[in-house]
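Encoded as structure tokens, the structure appears first; notes follow it.
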Amino acid sequence: MEKKQTRGGFSTSLGFILAAAGSAIGLGNLWRFPYLAAKDGGGLFIVIYILFSLTFGFALMTTEIAIGRKTGLSPFQAYGKVDKRFKFIGVLATLVPVLIFPYYCVIGGWVTKYAVTYATGGASQIREVGPNQFFGNFITAQASPIIWFLVFMALTAVVVILGVDKGIEKASKIMMPILAVLIIGISVYSLTLKHTDENGVTRTALEGLKIYLIPNLDGITPSKFITVALDAMGQMFYSMSLAMGIMITYGSYCRKDSNLISSVNQIEIFDTAVALFAGLIMIPTVYAFQGREGLSQAGPGLMFKALPAIFEQMGKLGEVVGACFFLLVLFAALTSSISLMETVASVFIDRFKMSRPKATGVTFICAVLIGVMVCLGYNVWYFEATLPNGATGQQILDILDYISNSILMPIVAISTCVLIGWVVKPEYVVDEVKQGIGNKKFRREKLYVVMMKFIAPVLLFLIFLQAFNVFSFLK
Ligand code: PHE
């Protein structure tokens, strides 16, 4: 019991839910979800996504939180405690945040730079050179991205050093409600937009809303349908921060008397709602100002180039909207990076018996080494690699992302399904879930068992195959 006290824990269920939702809600919700929805037939993608999250996502998230709470350990040791032969999952699951944390902080640094630039009235600097050039100049500079990366990581480290209840829980309780208000506010505003381009064509945000929400079944063939389903599955898996030890770590700080199922439901609802609202901001706005072509820009381009170009056209108001928007992104990114750093630090605390400040310090130093390499990947170490999934022109950041998300995460998740579904049997998790729900029933118990034994491993294997571009013939 003494060990429990030194590890710390969340003081309330709400604190746990907000922290876990904070981890789940991140850059993936803000730019990846809207972009995929626009590309994959709008409402069709959304419906499939929600179905997956209620079944597949629900089963995996419940499993991880339950393993964490039952073992009371961070991922490195938790899997070995469930079954000695599966210790390797712990090693792989720990490797994922070790790889993701540094590059996530590099992107966090870009977001911090933009948030500070807008908030301090620096929008004119972006206007002068144009958003594309501004972004290009920034990431190819040698010192500036490293400095912003360190600023962002230092903000994360302060919260982690303060501990689970006084740091992570407190920070989530402040940032998450602000995030919710900002995202609702900005999305309501963006639905009122209208723009006339240089050819005299006027487009309204509400027309863009139709592209986003109404299922577009035009030209939908079985192979296109499979592509949409695979996109939805991959997105859900990443968006819920699964298979990277995070939910195990947070689960290990979770109170025994909390209701795991209702927590998982609330985390999922929060995560999905934010993704849907992000789409309400991105798609109608980009459509009104740039038409359908604007929507085809994916990823960082959408966030750091397309939106700033739009804020610019809104004049003075655009500076305020820009500042609010990047503050929103900053909070989303911070709560995610906190969960990554905590997961790595918790391994040092549990396995090597380090104090929390020391564990945070060691994590910080390791991440600086990798993060600096990532920053240099855009200038001195610039190269263009082609990955096995077919993506071309890739840098160090993309390679780390590929190894962690496309290779390690599916392996961790499939092995977890084998361990829980077939080796220790689903009762291991079901029993843990039943603790804390009192005399209520675990209503989705059957669904859970079938998911873990049969369906989830197959779906995960399909995600894994995508890493090697196996489905390219469908496109
Ligand atoms: N779930 C986060 C998102 O949707 C991504 C994330 C990745 C969070 C890694 C934490 C760690 O953006």
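The values are calculated or read from the model by the stated rules, or taken from the named source; none is laboratory data. None of these values were measured; they are calculated from a predicted model. So basically every Cβ, Gly included, is an ideal-geometry build from the backbone, and we count neighbours across all protein chains shown. Remember, those area values only see protein heavy atoms, side chains included, never the ligands or the DNA or RNA. Shrake-Rupley method; radii C 1.70, N 1.55, O 1.52, S 1.80 Å.
The table below lists the values:
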{"read-out": "Helices (runs of 4 or more DSSP H) lying entirely in segment 405-475 (those with 1 or more residues that are under 23 Å from the mean Cα position of the chain (by Cα))", "value": "409-418, 456-466"}
{"read-out": "Yes/no for VAL374 being within 14 Å of THR63 (Cβ to Cβ) and surrounded by 14 or more Cβ atoms within 10 Å (Cβ to Cβ)", "value": "no"}
{"read-out": "Scope segment 317-373; condition out of contact with any helix residue (DSSP H, G or I) (no Cβ under 7 Å at 6 or more places or on another chain) and either at positive phi or not in a helix (DSSP H, G or I) (or both); matching residues", "value": "LYS353, SER355"}
{"read-out": "Qualifying residue in segment 193-201 (condition: among the charged types (D, E, K, R) and out of contact with any Gly (no Cβ under 8 Å at 6 or more places or on another chain))", "value": "yes"}
{"read-out": "Long-range neighbours under 6 Å by Cβ, at least six apart or interchain, first residue closer than 10 Å to ALA333 by Cα within segment 20-42, second within 12 Å of the ligand (Cβ to nearest atom) and open to solvent by 10 Å² or more (accessible area, probe 1.4 Å)", "value": "GLY28/TYR238"}
{"read-out": "Flag for LEU73 being in contact with a helix residue (DSSP H, G or I) (Cβ under 8 Å, 6 or more places away or on another chain), of a type outside the set (Asp, Glu), crowded, with 24+ Cβ neighbours inside 10 Å and assigned to a loop (DSSP other than H, G, I, E, B)", "value": "yes"}
{"read-out": "Checking GLY42 against (1) open to solvent by 10 Å² or more (accessible area, probe 1.4 Å); (2) at positive phi, the condition it does not meet", "value": "(1)"}
{"read-out": "Those residues of segment 425-444 which are surrounded by 14 or more Cβ atoms within 10 Å (Cβ to Cβ) and not small (Gly, Ala, Ser), in sequence order", "value": "LYS425, PRO426, TYR428, VAL429, VAL430, GLU432, VAL433, LYS434, GLN435, ILE437, PHE442, ARG444"}
{"read-out": "Pairs where the first residue, in segment 265-282, is of a type in the set (S, T, N, Q) and the second is within 14 Å of the ligand (Cβ to nearest atom) and in a helix (DSSP H, G or I), C-beta under 7 Å, 6+ apart", "value": "THR272/SER53"}
{"read-out": "Which listed residue is under 24 Å from ALA24 (Cα atoms), open to solvent by 30 Å² or more (accessible area, probe 1.4 Å) and not small (Gly, Ala, Ser), from LEU317, LEU334, LEU327", "value": "LEU327"}
{"read-out": "Condition broken by ALA359, with the remaining ones in (1) within 30 Å of VAL151 (Cβ to Cβ); (2) surrounded by fewer than 16 Cβ atoms within 10 Å (Cβ to Cβ) satisfied", "value": "(2)"}
{"read-out": "Test: residue in segment 19-32 that is assigned to a helix (DSSP H, G or I), more than 16 Å from the ligand (Cβ to nearest atom) and closer than 22 Å to SER339 by Cβ", "value": "no"}
{"read-out": "Pairs, first assigned to a helix (DSSP H, G or I) in segment 196-220, second charged (D, E, K, R), C-beta under 9 Å, six or more apart", "value": "ALA205/LYS194; LEU206/LYS194; ILE211/ARG292"}
{"read-out": "ALA59 away from the ligand (no atom under 12 Å from the Cβ), open to solvent by less than 10 Å² (accessible area, probe 1.4 Å), assigned to a helix (DSSP H, G or I) and modelled with pLDDT under 95", "value": "no"}
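Here is a yes/no grid of residues against (1) without any contact (Cβ under 8 Å) to a residue 24 or more places away in the chain; (2) hydroxyl-bearing (Ser, Thr, Tyr); (3) more than 30 Å from VAL380 (Cα to Cα):
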residue	(1), (2), (3)
VAL116	yes, no, no
LEU155	no, no, no
GLU169	no, no, yes
SER172	no, yes, yes
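Yes/no per residue for (1) open to solvent by 10 Å² or more (accessible area, probe 1.4 Å); (2) among the aromatic types (Phe, Trp, Tyr); (3) under 28 Å from GLY208 (Cα atoms):
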site: GLN235; (1), (2), (3): no, no, yes
site: LEU242; (1), (2), (3): no, no, no
site: GLY245; (1), (2), (3): no, no, no
site: LYS256; (1), (2), (3): yes, no, no
site: ASN259; (1), (2), (3): yes, no, no
site: PHE277; (1), (2), (3): yes, yes, yes
site: ILE283; (1), (2), (3): no, no, yes
site: PHE289; (1), (2), (3): yes, yes, yes
